[in-house]
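The numbers here are math on the coordinates, done by the rules we state, and not lab data. A quick note: this is a predicted structure, and the numbers were derived from the prediction, not measured. Here the Cβ positions follow ideal geometry from the backbone for every residue, glycine too, while neighbour counts run over all protein chains shown.
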Amino acid sequence: MTAFGSVRRKEDARLIRGQGRFVDDMELPGMLHGAVLRSPYAHAEVVSIDATAALQHPKVHAVLTASELGDMAWMPTLSADTQAVLAGDRVLFQGQEVAFVVADDRYSARDALELIEVEYEPLPVVTDARAALLDDATPVRDAGNHVFDWEAGDPDATARVFANAEVVVEQDMVFPRSHPAPMETCGAIASFDRVEGKLTLWCTTQAPHAHRTMYALITGLPEHRIRVVSPDVGGGFGNKVPVYPGYVCAIAASMQLGVPVKWVEDRSENLMSTGFARDYAMRGRIAASADGRIRGIAVDVIADHGAFNATAQPTRYPAGFFSVFTGSYDVEAAHCRVTGAFTNKAPGGVAYACSFRIAEAVYLVERLVDCLARELGVDPVALRLQNLIRADQFPYASKTGWVYDSGDYEAALIEALRIADYDALRAEQAEKRARGELMGIGLSFFTEAVGAGPRKHMDMLGLAMNDGAAIRMSPTGTAQVAISVQSQGQGHETTFAQIVAHELGLEVDDVEVLHGDTDNTPYGLGTYGSRSTPVSGAATAIAARKVRDRARLVAAAMLEVAPEDLVWREGRWSVAGDPSVGATIPEIARAARGTLDLPPGVETGLDAEAVYDPPNLTFPFGAYVCVVDIDPGTAVVKVRRFIAVDDCGVRINPAIVEGQIHGGLTDGIGMALMETIAFDEDGNCLAGSLMDYLIPTAVEVPDWETGMTVTPSPHHPIGAKGIGESATVGSPPAIVNAICDALGVAHVDMPCTPSRVWEAMQ
Ligand code: CDP
């Protein structure tokens, strides 16, 4: 008996009727509205701020500047830096927060922003991370522009492999600054109750507990006097992990005024000032033998972190998990060096649908493999099949220190080629080429690393990246499971109920999922990096198994047999020799709360909790094939077919998994063809609206063709691996590989806009 399968999403009953409850839907009695004044300059001294006229506006209640914030003027980031909540004497990027107006309504607050007089003295600007690291570069921060140097792998072994390799190919590539662009922008309502001394923050966050800890550090309030509630969230993709200055200003204003204060940013503010992703300039080298054996990979990266190091990343990995850059290949040696730089751009570098820099790593290695195939004159499929880690090599210890848990890469690739009918595609391409048409076929094979993470390997701000689940069984046999992770549309209310139902033989509808409220859920670090299922999902299964184990003792008392005589089959405990005698969990739950004499040491009820410290990450993988047609007259790229074979271990809800893949593939089209947050030389952000920052619509995407293989994770209680970000990670290189294949060129940088493709065609 299993509750896994494509059951309908419970949350859709309200979401598709427009009855979701998002932060901006909420109105509290006496609530005021905040608006942020932002710097028009990318770098300038703030000479003076005069809020006199704004304060005279009849609907304005307060104007906060850095001096009014006192101890709350600076806040810790999730990367061991500190960030100005409101700029005091210097602004470091266009859009940086300078003042916060509180008024009766949103419109008056916005009007009053124009009444604040700020005198700026512009300073030289640096927006290119490579330029920022030169000796004579303008310092963005007092201590200079260097954020960190970080290495993984073995430099000496790698140098040796490269010195005696028969073929070495080098390619520079940029993964441009892109933005998660969730449908709902960021926002919060802070409500400080002066009588109770308790702060409640309704916030669009992906990580309510981590936020609560941060607010305790920022405000000095005891953490248990803070409640963070994340109601329905309209997409996060990493953008809603960080704490933003607007939240802190809303808190400060509510504490000062004693009434609730709402702050919700607009689209331009979201694009210009909140956590972006990528912005990696990479030089990759790949070494091989003449017969195509990949021997080594070496990478140098310059990572642009903007004006503050505000990336949400495990502390011991300043470059995230970029160290999985050897991808899915069995190499002799590998080494990467990542240098982080401050620039006069918005801070961030969030885990945008990519578990901490894995999108960059996968892009790099999959482009390098195609460059190598081109150099050797071999088919990229054959080169991959020759070098993929073999099924019998798992668990596989990578040359950069990770142990990939399980995989059968060849099976996934062969399945993708079967769906694509690869040989027929190549034949079609040859015919079209002869007629002068531009058709390209691109492959990618990716390995993801998700489920951060094991406390022995990683932490965030010194906090173990472990998550929990708590199950309460009612006497009538229904269950509530409270989880520490927070859905932004991924369907947790359904899939986490399925896990409990699966483990306890319950109906999915008899399990309710509680999440997004720090007052009634266990502590945990939240949802990003596809970690919910690998971490909190595991905790949920383990908590359910604790319920089941206790139920066995109660059932033994009910049935007057020894616990060892009971077996769990078809969703109930029954006597080993006589399946007709047994009890279901609802029957046992009732007895456990009833008057039955419980065995010694067995507590009343069946409630149970678990916190999960994963022994390892999970390593989902996939094989993608992309077919593009390029218009020779306009250089417009059309993705005609896209075949995605994903393996995320056991699928709890295949329909939800499929939805996650469709979304991620669409993201990939955006990044490969359209999306970039660009800046001019004065640091003006050129992508401040969705007219400039192009995201894909139904017009740009093909009918996705998906397939799957299932290789369970050996250490996850239900064998599941994360899936949330796989397609975002795997698809950009397949698309760019297809474009390069069509044009017969080594490389085109993303986004492959018509002008870039046209240039490459010349
Ligand atoms: O952390 P996040 O929820 O973004 O990512 P995830 O853990 O990969 O899960 C995304 C959605 O897919 C959730 O509803 C999962 O429970 C579901 N899922 C699944 O049904 N089976 C899997 N093997 C992995 C995820």
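Observations on the model:
- Peptides 669-675, 204-210, 331-337, 695-701 ordered by packing proxy, namely the average of other Cβ atoms within 10 Å per residue, highest first: 204-210, 669-675, 331-337, 695-701.
- Label-point gap, in nm, between Glu560 and Asn520 - each point 7 angstrom along Cα→Cβ: 4.1
- Placing a pseudo-label 7 Å from each Cα along the Cα-to-Cβ vector at Gln56 and Asp172 gives an inter-label distance of 5.6 nm.
- Computed packing ranks the peptides 290-302, 424-436, 730-742 as 730-742, 290-302, 424-436, most packed first, by mean other Cβ atoms within 10 Å.
- Building the convex hull from the alpha-carbon atoms of the range 31-164 and averaging its projection over directions returns 11.7 nm².
- Convex hull per residue volume in Å³, alpha carbons only, for the chain: 170
- Cβ-Cβ FRET estimate between Glu151 and Ala678, R0 fixed at 45 Å, reported to 0.05: 0.90
- DSSP H segments from the chain that extend 30 Å or more along their own axis, Cα-based, with Kyte-Doolittle mean of 0.5 or above: 538-559
- Along its first, second and third principal axes, ordered by size, the range 472-611 spans 47, 27, 22 Å in Cα coordinates.
- Estimated purely from DSSP H runs of n ≥ 4, each contributing -39500 (n - 2.57), the mean residue ellipticity at 222 nm for the chain is -8000 deg cm²/dmol once divided by its residues.
- Taking only the Cα atoms of the range 315-381, the ratio Rg/Rh comes out at 1.05, with Rh defined as the Kirkwood radius.
- Distance (nanometres) between label positions extended 7 Å along Cα→Cβ at Thr315 and Asp136: 4.0
- In a reduced charge model with +1 at each Lys and Arg Cβ and -1 at each Asp and Glu Cβ, the chain shows a dipole moment near 1120 debye about its Cα centre.
- Length available on full extension from Val699 to Asp300: 0.36 nm per residue minus the Cα-Cα distance, which gives 140.0 nm.
- Summed side-chain charge close to Phe642 - residues other than Phe642 whose Cβ falls under 10 Å, Lys, Arg +1, Asp, Glu -1: 0
- Trypsin sites (Lys or Arg not before Pro) lying in DSSP loop within the range 164-259, provided at most 13 other Cβ fall within 10 Å: Arg194
- Calculated FRET value between Glu223 and Ala143, using beta carbons and R₀ = 30 Å, to 0.05: 0.50
- Taking every C-alpha pair closer than 8 Å and separated by at least 6 residues, the mean separation divided by the residue count of the range 337-436 gives a relative contact order of 12 percent.
- Separation of alpha-carbon centers, the range 145-178 and the range 351-390, rounded to whole Å: 14
- Taking every C-alpha pair closer than 8 Å and separated by at least 6 residues, the mean separation divided by the residue count of the chain gives a relative contact order of 16 percent.
- With R₀ fixed at 60 Å, the C-beta to C-beta distance from Asp631 to Asp193 puts the FRET efficiency at about 0.45.
- Relative contact order %, the range 262-358, counting alpha carbon pairs below 8 Å whose residues are six or more apart: 37
- Overall dimensions of the range 557-676, expressed as equivalent-ellipsoid semi-axes from the Cα gyration tensor (√(5λ), whole Å, largest first), are 55, 16, 13.
- Centre separation in Å (Cα based) which lies between the range 558-625 and the range 187-244: 36
- Evaluating kT/(6 pi eta Rh) at 10 °C and 1.306 mPa s, with the Kirkwood radius of the range 245-323 over Cα pairs in the Stokes-Einstein relation, gives 94 µm² s⁻¹.
- Highest average first, the peptides 488-494, 39-45 ordered by how many other beta carbon atoms sit within 10 Å of their residues are 488-494, 39-45.
- Extension gain from Gln256 to Gln386, taking 0.36 nm per residue of separation minus the Cα-Cα distance: 40.3 nm
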